Structure formats: C-alpha cells, structure tokens
Amino acid sequence: MGSRASTLLREEEIEEIKKETGFSHSQITRLYSRFTSLDKGENGTLSREDFQRIPELAINPLGDRIINAFFPEGEDQVNFRGFMRTLAHFRPIEDNEKNKNYSGDFIAFRLYDLDRDDKISRDELLQVLRMMVGVNISDEQLGSIADRTIQEADTNGDNSISFNEFIKVLEKVDVEQKMSIRFLH
Amino acid sequence: WPFLDLVVWLYLIISLIMIPAMFGFSLGISETYMTILMKILEWATVKIQKANLDVELKASASNGLIQREDGSMEKELGELRRSRPKPPVGGDFTLSDCFYFSRKGIESIVEDEVTQRFTSEELVSWNLLTRTNNDFQYISVKLTLVYGLGIFVRYCILAPLRLTLALIGLSWLVIGTSTVGLLPNSRIKSWLSEWVHVMCYRICARGLSAAICYHNRENKPKKGGICVANHTSPIDIVILCNDSCYAMVGQIHGGLMGILQRAMVRSCPHVWFERAEMKDRHLVTKRLKDHVNDKTKLPILIFPEGTCVNNTSVMMFKKGSFEIGATIYPVAIKYDPKFGDAFWNSSKYSMVSYLLRMMTSWALVCNVWYLPAMHQQEGEDAVQFANRVKSVIAHQGGLIDLQWDGGLKRAKVKETFKEQQQKKYSSMVVGDDSSSNRHEVWRVWHLNNP
C-alpha cells in the first residue's frame, strides 16, 4: 500500500528541486499535482495550450508573455523541473537566503524583452504596451508614452533599456513584495 | 443446482430491497450499513492522522496553496506607482505596471477558481477507496486489511447487487410507463404514472446505496413551476425524483437512453427536443412556456449550469429558464464526498464507466434543500434573476458562487473578458478620455485601409 504520487515523482527528485528552488516538500507535491492536472495530454510536459486552458490566464492581457516565461528558447514543452524553476522566481526571498539566481525583476525584464537580447527596444516596449491596453489608446499616444519611458530610463544613450537601467528605475518599487506570491505552508 | 441459486438470489433481492422501496418504507438495512461504514471511516481517519503527526494534515487541502491579494486593479497599480510622481501629460505608465498582470497570471497558474471545478474534490482524509488515493502512504496492517476487505465487499458483493437493482429499476420504468401509457388520460393515469416513476427511482436509488436527506419539504416544487438545481451528475435526477415527480427537459437520444425517454413520455408529458430543435431558442422557450402554463403538468426540472460541476461551487446559470416568467423553485444538492465521489467528469469518463464507479463506491450520501419559491422582480432582467437564484442555492449548499461559465470545461473563454481588462487598464493610463482615443485608432485604421 504505497503512495501513488511518489511513484511518479521520486523522493530524490523532490529533494533536488527543494535544494534548487527552496520550495518545501509539501509545496512541491502540491505543485506537482497542479502540474499533472494541467497536463491534459498526460505526457509529463505542458504545452502553451495547456496554460491557455486556464480562463483567468487567458483573459490576462499579458497572458501570452507570462506563459512564454516558462518555455526555454525555441521550445514548446516544459517539464516539471522547468515549471518549478520559473515559479521559484516568485517565491518571496527571505532575508537569510537571498538567492541571486531567482528574482522577480529578471522575469519582469523578460516580459518586455521579447527577443531575449537583453535589451528592451522601443518596438518591444510598444508591443507590450499594445498588449496591455488593447485598442483603447492611439498609436501616437502609445508612441509618446514609450518614448518618455525610454528617455527616463536610458542612461547610456543607446535608446533602449538594459537590465541594469531597468533595475535602477524600479529601485523605489519594492519588487520582491509586488512580484512575489505568498505560498502557504 | 445453479438455477435454484439464482432464484433464491432473486427472491432475496426482491423481498429485502425492492418491496420496501416500492412502498416507501425501510427495513433499516441501509441504515445499519451506513452506521457501520461511518464507524470504519472514522477509525481509519484517526489511524491515518495519528501516523501523520509530523506531516501537515490535508486539512489544508481545503485552503489554498497561495494567499491571494484581492485588491482591485486600481488599488494595486496605485501602490505600484506610489514611488514616482505622475507625469504631467501623455499618459501615466510605468515599467512596474506589468507586475500586477504578471503576478495575477502566475497566481492563476498555481491555482485558479475554474479548472479545479472540473475535477473531483480533494478529500481531507482518505476514505479507503483506491481511486482517491493520491498522496497517502502505508500506515498499518490493519488499515490495509480493511482496505482489502473493502475492495472485496464493494466489487464482489455490492456491485453485482446494485447492478441487478439498477437493471430491474430501469426495466420496470420502461415496462411500467409503457403500460400506464395505454390508459386513457385521467386522474388515475396521472396518479399511476407518478407512482410508477417514484417507485423506479427508489429502486435505482437503492441500486446506488443512496442515503438522501430532504430538508424543508414544505417548499417542494409545485405544478406549473420550474425547479432549478445545481448539477453534479446525472444521478441528481434520481436523487430529486425520489421525493417528487418532475417533467424532464432534454435532447432525445438514440439507443437505450432513447427507449427510456420514449417510454417515459407515454405516461406523462416530458419536454424532449430533437437535436435540431435545441438550437432554436425561441422554439425551446415556447415549448417550455406552454408546458408551464398548463397547470395539470408536472413542474419542469432544469439544471441551468448546463454541465456537470464538481459540487464545490455553483457556476454561471444560463438565463434561458429564467426568461419564461414562471415561478422558480430553487433546490440545492450537496453530496458528501467521504462515501463516494458523485461528480461525473464527462471529459474523462464515459457514462457507463461513471455508473460502474458509482456502484463500487461505499455509498452515496447527499442533502437536498428545497428553497422558497422565487419570482422575477420588477426591473430585474433574466441574468440578474438567474444570479440571484444561484447565490441562494450556493449559500444553502455551502458552495462557492462563481460567475464563470461551466461551458469553460470544454470551450475557450471569450475574448471580450480580456478586452474588458485592457479597457480598465487603459483608463488608468490615459484617464477617461479613452473613448476619444479609440476613435483616433479607428480613424487612422480606416485611413490606411480604404
């Protein structure tokens, strides 16, 4: 009379994920059952369609960008490890374990940086803005908003925002508090 | 003499179970079974809890995995923007605005209100069925023995018994209603029809070891009204029809189901539609109206959610039944998941495998509350009326009241909801002259696309 879940997710794997991401044992098992419930194809990986089946995510203006954050460059499937690694960015960082590998601002930067070249160009900013506002704001006004934002952030004059410039703009915002999710137990 | 064995077996069933079911009294066998079952499950729960003292109890299964911040878009974006002064002109946007959406998005990936309604409810403590064993580990020899015994009892004793009963019940329904259908229309015919229906449903209920508790029977639906209830499984019909007679609404099927439907409609009027007719909203509304206006006909039974949900919440009620102008009798049905999971996950299990699962559960325990009749009020449209009835049912059954459409089980969510979110956010960027901006967008688009 063993336990079904652990035959699919081995204890060693749970330990590895725990070390890598900092989630607790029970959080990992619960997130695993969430992962399997989303995995309609039952093949151990999630596709973009699996994410889009979540109605609250489908109506999120940045839904597609958020889903993209889970998939490594050029891939269409994400396994449980990858799933957990992305979610780990949203754990609140306790003071005694400031893990520089996972941070909310990096994910936020990736949301804007569509082609992953470590720079937010004017076009990329415009595209993301367009996603968030839909048809409700004119091209001109959106353009001027984008210009102003880049102007404020750009310190080295290359007309785009690098990661460091991005961080500087967000200095005053408590990123950890606003990006992190309060996982229970 | 195998033939003799079969005859004895049959007589045993008939006398012990069917006759009480037919005449509405009870010999107390089911009650004894339920009491023993309760004691065993309690004992199992205690044993499991004692062994899991160092592991967090699954009592937190009913709590969420994350704690959501339920602030509105305005509130949360306001907080995000607090750190910088509002720019004088040209739209209030800042790079940190995306945090709101990304956090909400990740929260919905970890846990959302909708997709969990289409799978079975998680149990607080294991109920000794293989199918609910997700996460529970080996505890003790005794527990395993009881579990093994349970399998034997359920599959080798209860299941065949229940299957026989169900078959007898359904055949009797077909034969009985067809027979009654031969009579000319009269008071006697209606009375006989009702008696045949209730009797068959009672036999079917015994076929599922159903223990049903009806509350507030003074509110029972009356003729000329529409009874609405939350929907968990096709067994809801058996549950409700054990106590009262209803006219069913639905599509005519082929096969066995069709035989059943055609037989039932001979003895008393039900509202069956051909597949093509169901698409015609006006036709559907008219036929329902005609039925309701005829005060000799039975109250109609409708499940406005339109699909089976897992009995932890009530999802959007389709407004069709609420536009007819009839008296609405709300009914709340709540199953106790400890004894067996009643939810029919139609995307995962076919009807047949579902019924077999039902027959190998411990039992089916549920509460039915009849709620006071409701009418559409002045100035209230069908959607508002539907929502009002829905919250009453949700409140009584202890279910969560959701605005989401049960059709999301299979269909995609409408784009308009995303557009609403975008509109809301836009108004926070440019203030309320978003409408003039929209005209600008269309004007430029039309210029470029003559």
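The values are calculated or read from the model by the stated rules, or taken from the named source; none is laboratory data. What you see is a predicted model; the values in this text were computed from it and never measured. Positions of Cβ are backbone-derived with ideal geometry, glycine not excepted, and every protein chain shown enters the neighbour counts.
I'd like to know if the range B:316-329 contains one or more residues that are within 20 Å of residue B:153 (Cβ to Cβ), assigned to a loop (DSSP other than H, G, I, E, B) and more than 14 Å from the chain's Cα centre (by Cα). For the range B:316-329, residues within 20 Å of residue B:153 (Cβ to Cβ), assigned to a loop (DSSP other than H, G, I, E, B) and more than 14 Å from the chain's Cα centre (by Cα): absent. Of the residues making up the range B:390-407, those that are modelled with pLDDT of 85 or more and within 14 Å of chain A (Cβ to nearest Cβ) are B:402, B:403, B:404, B:405. Identify, from the list A:129, A:170, A:142, the residue that is buried (at least 19 other Cβ atoms within 10 Å of the Cβ), in contact (Cβ under 8 Å) with a residue 24 or more places away in the chain, assigned to a helix (DSSP H, G or I) and not acidic (Asp, Glu). Going through A:129, A:170, A:142 in turn, just one is buried (at least 19 other Cβ atoms within 10 Å of the Cβ), in contact (Cβ under 8 Å) with a residue 24 or more places away in the chain, assigned to a helix (DSSP H, G or I) and not acidic (Asp, Glu): A:170. Counting the residues of the range B:94-150 that are modelled with pLDDT of 80 or more, assigned to a loop (DSSP other than H, G, I, E, B) and of a type in the set (Val, Ile, Thr) gives 3. Do we find a residue being outside any helix (DSSP H, G or I), out of contact with any Cys (no Cβ under 7 Å at 6 or more places or on another chain) and touching a residue at least 40 places away in the same chain (Cβ under 8 Å) anywhere in the range B:352-361? The answer is yes; a qualifying residue exists. Restricting attention to the range A:70-81 and to residues that are assigned to a loop (DSSP other than H, G, I, E, B) and either over 11 Å from the mean Cα position of the chain (by Cα) or crowded, with 18+ Cβ neighbours inside 10 Å (or both), the residue that is farthest from the other protein chains (Cβ to nearest Cβ) turns out to be A:74.
For residue B:165, indicate whether it is part of a helix (DSSP H, G or I) and among the hydrophobic types (A, V, I, L, M, F, W, C). When the stated conditions are applied, residue B:165 passes them. Within the range A:48-64, residues that are more than 7 Å from chain B (Cβ to nearest Cβ) sit with their Cβ atoms under 6 Å from residues that are part of a helix (DSSP H, G or I) and surrounded by fewer than 20 Cβ atoms within 10 Å (Cβ to Cβ), at 6+ positions apart or across chains, in these pairs: A:50/A:38. Close Cβ contacts (under 6 Å, 6 or more residues apart or on different chains) running from residues in the range B:170-191 that are closer than 21 Å to residue B:202 by Cα to residues that are not in a helix (DSSP H, G or I) comprise B:189/B:183.
Considering only residues in the range B:198-223 that are crowded, with 17+ Cβ neighbours inside 10 Å and touching a Ser or Thr at 6+ places or on another chain (Cβ under 7 Å), the one that is nearest to residue B:290 (Cα to Cα) turns out to be B:221.
Restricting attention to the range B:192-206, the residues that are farther than 21 Å from residue B:270 by Cα and without any contact (Cβ under 8 Å) to a residue 24 or more places away in the chain add up to 0. Condition check for residue A:84 on (1) modelled with pLDDT of 90 or more; (2) assigned to a loop (DSSP other than H, G, I, E, B): one failure, at (2). Candidates A:66, A:28, A:17, A:54: the one that is touching a Phe, Trp or Tyr at 6+ places or on another chain (Cβ under 7 Å), β-branched (Val, Ile, Thr) and surrounded by 15 or more Cβ atoms within 10 Å (Cβ to Cβ) is A:17.
Mind checking which residues of the range A:40-51 are more than 24 Å from residue B:101 (Cβ to Cβ), surrounded by 15 or more Cβ atoms within 10 Å (Cβ to Cβ) and out of contact with any strand residue (DSSP E or B) (no Cβ under 6 Å at 6 or more places or on another chain)?
None; the set is empty.
Taken together, B:295, B:286 contain a single residue that is surrounded by fewer than 16 Cβ atoms within 10 Å (Cβ to Cβ) and within 22 Å of residue B:243 (Cα to Cα), which is B:295.
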